[in-house]
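Below you'll find the structure, written out as structure tokens, and then a few comments.
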Amino acid sequence: MKYVIYCAHTADGNIVNITHNPQIDYEFIKRSHNLYGFEVISSDMDISQANYVMRSVSRHKGLLKTMIFYGGRKGDAAKLNLIKSAMSDLGIKPLKKARHVAMGEWVDELSLDAVYSLIKGRIMSYHELINIIEEKHIFTEGNLHDLLHVLYLQEKINILPSLWIDRPGRKYICMLCEEELYGYGTEYATCPCCGANAEAQDVLYFCVYKEEETRRTHIKFKDTRKLSLYQDKASYELMNFLTEDAQECLIWTVPGAEDLNIPMRAMREVLNKGGNVGVAVETEEMGNMFSSAVNSVFPDYEFRFERVLSMDITEGINIFAFDDIKRLTGAFDLLLLWDKTGKTGGGINPGLKIVRRAVKPCGKVIYMTSTPKFELFDTAQKKKMNVAAVPLRNHGKPSPEPRVMTYNTLSKDNLFIPRSVMDFITYSAVQKKYLNIIAPDSELVSLLKEELISTGEIEKKWLSKEMPLIEIKEYSADITLEQAENIIVFLADDENVFDERSLLLCAGLCGMSDLQSSGEVVYVASKENRPMEKAREMLRFLNKCAWEMGYLK
């Protein structure tokens, strides 16, 4: 017996069904007839019955998945034309000419499960899927295209191109992050937001999240109780966050001393409910650092940094790179984004579609960073996001708000140390307060050192390598200061080096010594610019949060 498969869409552009494998379509319809409520047109119907089916489809968009026409007898061609005419009257057009095909065989269920487990929680292309199957030596019986098509019909996965193009308006929209792209004139572009390649033939497969019954487990949690008072309180703030309606939370950490133990209790809670936890980090080094911290808290498990396409997304903690977030969909109940230095991606933004898509519909997102982007800070300031922790030293002093000293003629080409700045440097040294001067580049470091010595007001022992009271350092994203009571950021208006995150990092390093003083921070520049204003505004908000949470003495 022969069958004819149609691919049709409605006049208003809604697609009823798209098929490239009629045999699989027919077998799936046979198995799912009651479940999905398919309507079938057969040659046994007269034209009025066919009209009734088509009207039913027209009234209930999407009811018709595939139309099957039984062929093989005389008069079928005429009846087929009548049915096509009825379709035309109702505004439903066939996308392609009907074709006769032989009845197919169903795919192997074990192979189906194996392929689904590889795609589940991820977004990957056909060629990437083939590579993983070969790397992991996974045996699949039957054609991979057939397996993928069955998963699509079962609504376990979706299929999309990496870039969707609205040709009439020449608008390009990335299907991974759903951001509209401007200024792209070809299909072979790359999304600047998530880096997706826009090759038209690069078909992507991703799993559709379905609520499943989660099994409760018991994850052993080794609570070392080495948390400070504010860290302990912040840890319980996160526990409350898991039970609230809010979907995003900010953990504002101490620069150079990230509080990795704060989110551990929340992770344990999610794991014990049978959920998945994802941790996105900037670099592999940070991934290894976090995995060491996690393994010390959960002694019966070994978690490690992996790339998303090669790791098994199971009940546990999955540690991966920021770049891999675009490869995830509905994978986690809790997603932690740890941004330590901002070297990659320019920091994390709140509410990114690719971040929200990586978690389940009821999933939670935690941003953990010592230098939040202004957009992230602004979201927290407007109370659109919970704040569970703020960076504080053990002595409970507020973070110093930087002073700004401006001198119109100061520049790289006209470098000098103003009198008021020199007085501050001398005062710090006489009071035996550790002073760090941070410069934009190494050349300025040498020039500043020569300038200080040439004034005759600085004793050489203050600059000695053995016990220095004054240190001059070049700025870098991973700068660390062993002792810093007072800090001067020289030429802080150099926007090629210092943005608000850089200035916030420099200010946050103040008070790293064990002394009870909160220290001072000074920005020295030719003029005060917007990044300085933003950094000061963020520090004011930081101290306000610390006061409201009862962290300040």
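For segment 435-454, which positions are surrounded by 12 or more Cβ atoms within 10 Å (Cβ to Cβ) and modelled with pLDDT under 85? Working first, answer last.
Taking segment 435-454 as the starting set, the residues that turn out to be surrounded by 12 or more Cβ atoms within 10 Å (Cβ to Cβ) are 435-441, 443-449, 451-453.
Answer for segment 435-454, where residues must be surrounded by 12 or more Cβ atoms within 10 Å (Cβ to Cβ) and modelled with pLDDT under 85: just Ile453.
State which residue is nearest to the chain's Cα centre (by Cα) when the search covers only segment 288-314 and only residues that are among the acidic types (Asp, Glu) and over 22 Å from Asn261 (Cβ atoms).
Within segment 288-314, the first condition is being among the acidic types (Asp, Glu), and the residues that meet it are 300, 302, 306, 312.
Pick out the ones that are also over 22 Å from Asn261 (Cβ atoms) and you get 306, 312.
Values: Glu306: 16, Asp312: 18 Å.
Only one residue fits best here, namely Glu306.
I'd like to know if segment 285-303 contains one or more residues that are out of contact with any strand residue (DSSP E or B) (no Cβ under 6 Å at 6 or more places or on another chain), among the acidic types (Asp, Glu), within 22 Å of Arg122 (Cβ to Cβ) and at pLDDT 80 or above.
no
Before we move on, is Asp324 in contact with a strand residue (DSSP E or B) (Cβ under 6 Å, 6 or more places away or on another chain), among the charged types (D, E, K, R), at pLDDT 80 or above and crowded, with 17+ Cβ neighbours inside 10 Å?
Working: in contact with a strand residue (DSSP E or B) (Cβ under 6 Å, 6 or more places away or on another chain): no; among the charged types (D, E, K, R): yes; at pLDDT 80 or above: yes; crowded, with 17+ Cβ neighbours inside 10 Å: yes.
No.
Within segment 514-528, does at least one residue satisfy the condition of being out of contact with any Lys or Arg (no Cβ under 6 Å at 6 or more places or on another chain), buried (at least 16 other Cβ atoms within 10 Å of the Cβ), assigned to a loop (DSSP other than H, G, I, E, B) and at pLDDT 90 or above?
Checked against the condition, which is being out of contact with any Lys or Arg (no Cβ under 6 Å at 6 or more places or on another chain), buried (at least 16 other Cβ atoms within 10 Å of the Cβ), assigned to a loop (DSSP other than H, G, I, E, B) and at pLDDT 90 or above, segment 514-528 yields at least one hit.
Just the residues that are assigned to a helix (DSSP H, G or I) and without any contact (Cβ under 8 Å) to a residue 12 or more places away in the chain, please, taken from segment 403-457.
The initial filter retains those residues of segment 403-457 that are assigned to a helix (DSSP H, G or I), namely 419-430, 442-455.
Arg419, Asp423, Tyr427, Val430, Glu443, Ser446, Glu450, Ile453, Ser454 - these are the residues of segment 403-457 that are assigned to a helix (DSSP H, G or I) and without any contact (Cβ under 8 Å) to a residue 12 or more places away in the chain.
Could you check how many residues of segment 416-443 are under 38 Å from the mean Cα position of the chain (by Cα) and either over 19 Å from Pro402 (Cβ atoms) or not assigned by TED's automatic domain parsing to the domain that holds Ala477 (or both)?
Qualifying residue count, segment 416-443: 3.
Within segment 109-142, take every residue that is out of contact with any helix residue (DSSP H, G or I) (no Cβ under 9 Å at 6 or more places or on another chain) and not in a helix (DSSP H, G or I) and give me the one that is surrounded by the fewest Cβ atoms within 10 Å (Cβ to Cβ).
In this case the residue turns out to be His137.
Going through segment 256-284 one residue at a time, which ones are over 18 Å from Leu335 (Cβ atoms) and at pLDDT 85 or above?
Correct list: Glu284 only.
Is there any pair with a first residue in segment 491-505 that is at positive phi and a second that is charged (D, E, K, R) whose Cβ atoms are under 8 Å apart and which are 6 or more apart or on different chains, and what are they?
What qualifies is Leu491/Lys412.
The values are calculated or read from the model by the stated rules, or taken from the named source; none is laboratory data. These numbers come from a predicted model, not from an experiment. Note: ideal-geometry Cβ built from the backbone for every residue, glycine included; neighbour counts use all protein chains shown.
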